[in-house]
Each structure stands twice: as C-alpha cells, then as structure tokens.
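Chemist: Below is one structure. I have some questions about it.
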Amino acid sequence: MEQFTEPNKINEVVESPSVVENEAKELWARCLALLSTKLSSQTFKSWFEPIKPVSYSSNQLILQVPSNFFHEWIEDQYSSILDEVKNEVLGVDCAIKFKVNSDGFDIITESNVKTEPEIKVQNISPNRDDIKILSKPYKPGLNDKNTFENFVNGESNQLARAAAYAVANNPGGTQFNPLVIYGDVGLGKTHLIQAIGNHALKTGKAKRVIYVTSEIFTLEFVDAIQKDKVNEFSNFYRSMDILIVDDIQFFEGKDKTQDNFFHTFNTLYQLGKQIVLSSDKPPKELKGLNERLISRFQSGLTADIQPPDLEMRVAILKKKSQQYKLEIPQDIIEFIAVNVTSNIRQLEGCLHSLIAISSLKNLPISMEIAKEVVRQVVGEIKTHITIEDIQRIVCQYFDIPENYIRAKNRKQEVVIARQYAMYLCKEITNSSLKTIGLHFGGRDHSTVIHAIQTIEDLVKSDQKYADILQTLRNKIKLVAK
Ligand code: ADP
Ligand code: MG
C-alpha cells in the first residue's frame, strides 16, 4: 500500500506574513458575517467556520481548508454563494484560492472534532483537479419493498425496530448514531436498515441515502485504489445524509478498508449525518476489526434481533399471504409457524413453495402440500421429543397434576388427557406401543391402541376434539425448538 501514500504538495509561498495575514483575517471575517446570513447555522458551522484565512495579496485571498474533501465539497456545493459574497466584500476582480492544510492529510479541524484526534488517511491522488466529487452515479440501492409498513413488529425485534423508526424520522438527530442492528441470518436486519433509508427518503428527512454491503464497499475501495480514485470514492460516501452499511462482519481482517471506513464514519458523524450498520454479531465480538472502529460502533445504540416467537411467525405468515393475496387456512399457517422456527427467510420460503406447488399441481393450498413443503425446508418434521415432554404438556393443557396421567385415576378428564397423550406419543416419538404403555404406569399395549382409536374417532366426529389435538401438537412442537 506504500505507493498510495504520497503526501499532497502545497506550493503556496506566503510573503510578509503579518500584514497579509491580518488583512486576510479581516476580509474573511467580513465574508463570514455575510455568509452566516445566507446559510443555515449547521452548514455555516460545518463548512465555513473551519476555514482559516492565510493571506491576502495581489487580489488573492488564500484560505486554508482542512482537507481535499472539504475543498471539493465547498467548490461543489457553495461556489456560487461564495462567489456572491466575494464580489460583495472583495470585488469582482479578486479571487479566493484554497490551500489544503499544509501537512496534506485529510484530517478534521479542531472546530469540527468532537472526540480524540482522527486517524490520518493520506490523500491518494496528488492532483486534486482530477477529483470530481460524486462522479459515481448516485443510486440509493434500496429495495422499495423493505419498508416499515411491511415489517412485522414483535418482541424479538422491538428495540431494533423502535430505534430504526426513530432514526428514520430524525437522521443524525437522535442518540442512536451509529445505529447497529445485529442478529442471525434471515431475521430482518437488511429489511429493517433499508426501511430506514426508504422512510427517510419518502418523508424528505434525508436527501441522499446510500445502502451498501460491506463487501461492495470493500470491492469498490480496492477498485478505487487500483484506479487511483480513492478521493472520489471517499467523497462519494461522505456526501450522504444516511450511510447504511450491511453485514459489517465482512470488514474483518481488511485493514485498509477499515481505515477508510473509519475516516468516512468520522466525517459523517461530525457533520451530524446518520450511520446505520448491521452485523451478524455484536460489535465487540467482531474479530479482526480495529479497536477504534469497534469503539466507534458502540458509541450509539446497538440493538439485536432475536428469532421470532410462534405468535410472530404466525403474524408474519399472515402478513405475507395477504401481500401475495392468498387465503391460507389458519391451521396451515399454524402448522408452518410451529415447524419453521429458525428464521423468517425460511418462513417466506415455505410460502413461496406452497404457492409454487399448488399452482403447479393446480390444487388448492392444503395441509398435504404444506407438510411436503415444510419437510423440504426443515427436513423431517421435528421428533426429538420425549414421552415425558408430551405428558407434561398435555397435563398442563388439561390442568391436571402430572402424576395422574401415569396413575390409575379414572376421572373423565384424566382419561381423556391420557388418551391424547398416548396418541401424541405414537404420532410424534416413534416409540413402540409397548414402550408408550410402560411410560403410562405400566399399561398394556392394547390400552394404547384403544386410546389411539378413541382419539381418532373423536377427532373425526367433532371439530372441537380436532382443535384440541392441533393445539397440543403446536405446543409440543414449540418445545422441540
Ligand atoms: P437478514 O438481513 O437479517 O439476513 P433479511 O432482512 O434479509 O434478513 O430478511 C429475510 C426475509 O425476511 C426478507 O425477505 C425480509 O423481508 C423478511 N423479514 C424479516 N423480518 C421481517 C419482519 N419482521 N416482518 C416481515 N418480513 C420480515
Ligand atoms: Mg441481510
């Protein structure tokens, strides 16, 4: 990387320091006074206060700016307003020239710095006339389906969602900067961080939003190095109101990219811009990531997303089937929700397969198809449940003491609970009739057969019993997670 660190050369030679300096100070103070009436205080503070007058001679006011980026930005954004002010204060034949802070490093000036001194990243292209800020075509890179409206809220994502919503409504203006969302794959991180961008753009809370994965960021950075366009690259990202970087765990071990990102991060942060990040683990567990970067990531809010609970899985399936304009019976929704527990992407996958298979076979969506699909997605429908698990759950449901189910109790509600439990043991555990009987107080296998037959008959004859059976199945599968 050494060949990229050539420092900037500043050629300005300042003569008669004291005189030209004082005059420059005075003129610039007048310019500032005028500028302050024409600009928002945020803009004025961020972009004009850090400028230092250096000299005034031969109709040239020389100003010092803290970085190349700073220079490019002012030329790009404020050249006409600056021209106006210059004409008024200095006259039309006078010119304003900029020089970059003489050590040539892209550092942040004191007035801008909120925290400790920043890493010094050298400006890579020595010829700043080549640099055209924002020459990379700007596209936010957001999927417009990833909105808050389409996002199901639940206990597992409550904090993350609330923080994301607050940030979307007030980018850069909350305590949640940066906002870091972490969690396992398929739990909605990308959806949520993109929802921030979509919302802020739609409501006009931000004008420039960019979503990028850390992988793309890295690739672009490497490409920029090769093409000698690192400034352009940096300027592009530093011109955003909201920078969203997905899956920052891919920054692990990429030192040079981390440096650049650190600097981009600081610049945006100091300008009061919003940074949103996602990761598959909490920042402090990111290995191969610079300590400085980790501590920056932890300076805002870190919120996790947990796997969805059953209630939420049902809600998600319902919402998605509405979106697809499908009517899926409640028992099928519940069946999928009970069996597909690990992530939301899989839940979606089930719905997609359900639609595909039913349209392929030209059949309505049925439990039969749902079973086929769930088997494809999660493999075998879960069975590692013990007979004792089932006994416990059934007793809880019927509200009877657990030992009754194994004892010689012939009360009607105990008998029916025992029969359900035996039926479910046969259905779920793959145990033999003999084994099941033994677990129920040493009963004979014919008792188990009788129980199974009774439940089958009841379920067929009355929906009420079928519902109880399904509820018990759902409760059991939930334990199997
Ligand atoms: P991650 O980035 O955490 O791997 P994604 O954001 O890509 O996960 O989510 C996977 C899929 O699940 C996406 O299609 C997303 O829209 C959907 N999804 C995730 N969470 C929710 C939610 N809470 N409500 C609705 N859809 C969700
Ligand atoms: Mg993702």
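Chemist: Starting from the Cα gyration tensor of the stretch 155-304, take the square roots of the eigenvalues, sort them a ≥ b ≥ c, and report rounded, prolate or oblate (rounded when a/c is under 1.5, otherwise prolate if a/b is larger than b/c, else oblate).
Modeler: Oblate.
Chemist: For the stretch 170-284, what % of the accessible area comes from carbon and sulfur atoms, probe 1.4 Å?
Modeler: Within the stretch 170-284, the accessible surface is 51 percent carbon and sulfur.
Chemist: Rg and Dmax of the stretch 218-342, using alpha carbons, in Å: what are they?
Modeler: Using the Cα atoms of the stretch 218-342, the pair Rg, Dmax is 20.1, 60 Å.
Chemist: Next up: Summarise the accessible area of the stretch 319-406 (1.4 Å probe, protein heavy atoms) by the percent that is carbon and sulfur.
Modeler: 50
Chemist: Take the cross-link list Lys320/Lys477; Lys371/Lys411; Lys139/Lys229; Lys145/Lys319; Lys52/Lys227 and give me the ones stretching past 25 Å between alpha-carbons.
Modeler: Cα-Cα > 25 Å for Lys371/Lys411; Lys52/Lys227; rest within.
Chemist: So, with +1 on the Cβ of K and R and -1 on the Cβ of D and E, and no other charges, what is the size of the charge dipole of the stretch 238-334 about its Cα centre, to the nearest 20 debye?
Modeler: So the magnitude is around 380 debye.
Chemist: Counting Lys and Arg as +1 and Asp and Glu as -1, each charge on the Cβ, what is the dipole of the chain about the Cα centre in debye, to the nearest 20?
Modeler: 2000
Chemist: Can you give the log10 of the normalised intensity I(q)/I(0) at q = 0.21, 0.22, 0.26 Å⁻¹, computed with Debye over equal Cα scatterers of the stretch 310-378?
Modeler: -0.78, -0.86, -1.25
Chemist: A further question follows. Mind pulling the angle between the C-alpha long axis of helix 189-202 and the longest principal axis of the chain? Nearest 10 degrees, somewhere in 0 to 90.
Modeler: 50
Chemist: Output the relative contact order of the chain, whole-number percent, from Cα pairs under 8 angstrom with separation of 6+ residues.
Modeler: With pairs under 8 Å counted, the relative contact order is 12 percent.
Chemist: Over the Cα atoms of the stretch 7-100, how large are the radius of gyration and the largest Cα-Cα distance (Dmax), in Å?
Modeler: 12.7, 37
Chemist: For the stretch 7-100, give the percent of accessible area contributed by carbon and sulfur heavy atoms, probe 1.4 Å, rounded to a whole number.
Modeler: 47
Chemist: May I ask you to derive the relative contact order of the stretch 7-100, considering only C-alpha pairs under 8 Å and at least 6 residues apart, and to give it as an integer percent?
Modeler: 32
Chemist: Rounded to the nearest 5, what % of the DSSP beta bridges within the chain are antiparallel ones?
Modeler: Given both bridge residues lie in the chain, the antiparallel proportion sits at roughly 20 percent.
Chemist: In Å², what does the accessible area per residue of the chain work out to with a 1.4 Å probe?
Modeler: Averaged over the residues of the chain, the accessible area is 48 Å².
Chemist: Please state the shape class of the stretch 137-180: rounded when a/c is under 1.5, otherwise prolate if a/b exceeds b/c and oblate if not, all from the C-alpha gyration tensor.
Modeler: Here the stretch 137-180 falls in the oblate category.
Chemist: A further question follows. How far is it, in nm, from the label point at Asp93 to the one at Ile449 when both lie 7 Å from their Cα along the line to the Cβ?
Modeler: Each label point is offset 7 Å from its Cα along the Cβ direction, giving 11.6 nm.
Chemist: Just to confirm a number: summing +1 for Lys and Arg and -1 for Asp and Glu over residues other than Trp28 whose beta-carbon lies under 12 angstrom from that of Trp28, what do you get?
Modeler: 0
Chemist: A further question follows. Rounded to the nearest 0.05, what FRET efficiency do Ser58 and Lys38 give with R0 = 30 Å and r taken as the Cβ-Cβ distance? Could you check?
Modeler: 0.65
Chemist: With a 1.4 Å probe and all protein chains kept in place, how do Lys319, Lys361 rank by accessible area, largest first?
Modeler: From most exposed to least exposed: Lys361, Lys319.
Chemist: Hey, what D do you get for the chain in µm²/s if you plug the Kirkwood alpha-carbon radius into Stokes-Einstein at 20 °C and 1.002 mPa s?
Modeler: For these conditions, the coefficient is 79 µm²/s.
Chemist: At 0.36 nm per residue, minus the direct Cα-Cα distance, what do Lys464 and Asn150 gain on full extension? Give it in nm, one decimal, please.
Modeler: Residue separation times 0.36 nm, minus the Cα-Cα distance, leaves 109.6 nm.
Chemist: Convex hull over the alpha-carbon atoms of the stretch 308-455: what's its volume per residue in Å³?
Modeler: 127
Chemist: Using a 1.4 angstrom probe and counting only protein chains, how large is the accessible area of Ile452 in Å², to 10?
Modeler: 30
Chemist: While we're on this one: For the stretch 387-480, with equal point scatterers placed on the C-alpha atoms only and solvent neglected, what are the log10 I(q)/I(0) values from the Debye formula at q = 0.21, 0.22, 0.24 1/Å, to two decimals?
Modeler: Values, matching the q order: -1.03, -1.15, -1.38.
Chemist: I would also like to ask the following. When the helix-only estimate is applied to the chain (DSSP H runs of n ≥ 4, each -39,500 (n - 2.57), divided by the residue count), what is the mean residue ellipticity at 222 nm, nearest 500 deg cm²/dmol?
Modeler: -16000 deg cm²/dmol
Chemist: Using a 1.4 Å probe and counting only protein heavy atoms, arrange His450, His191, His263 so the residue with the most accessible area comes first.
Modeler: His450, His191, His263
Chemist: Still on this structure, I have one more. Around Val92, under 13 Å between beta carbons, what's the net of Lys plus Arg minus Asp minus Glu among the other residues?
Modeler: -3
Chemist: Okay, moving on. Once both labels are modelled 7 Å past Cα along the beta-carbon direction, what's the Lys371-Asn290 spacing in nm?
Modeler: Distance between label points: 5.8 nm.
Chemist: Now, a different point. Once amide H atoms are built 1.01 Å from N in the peptide plane, which residues 5 or more positions from Tyr182, or in another chain, come under 5 Å H to H?
Modeler: Those qualifying (amide H under 5 Å, at least 5 residues apart or on another chain) are Ser279, Ala303, Asp304, Ile305.
Chemist: In nm, give the distance between the simple-model label positions of Glu311 and Lys361, each being 7 Å from the Cα along the Cα-to-Cβ direction.
Modeler: Computed distance between label sites Glu311 and Lys361 equals 3.4 nm.
Chemist: A follow-up question, please. Take the Cβ-Cβ distance between Asp76 and Glu348 as r, set R0 to 51 Å, and report the resulting FRET efficiency rounded to the nearest 0.05.
Modeler: After rounding to 0.05, the efficiency reads 0.75.
Chemist: Could you work out the local net charge near Val209, counting Lys and Arg as +1, Asp and Glu as -1, over the other residues with Cβ closer than 14 Å to its Cβ?
Modeler: Summing Lys and Arg as +1 and Asp and Glu as -1 gives +4.
The values are calculated or read from the model by the stated rules, or taken from the named source; none is laboratory data. Everything numeric here is computed off the predicted structure, so don't read it as measured data. Reconstructed Cβ throughout: ideal geometry from the backbone, glycine too, with neighbour counts over all protein chains shown. Keep in mind that these areas ignore ligands, DNA and RNA; they rest on the heavy atoms of the full protein, side chains included. Shrake-Rupley method; radii C 1.70, N 1.55, O 1.52, S 1.80 Å.
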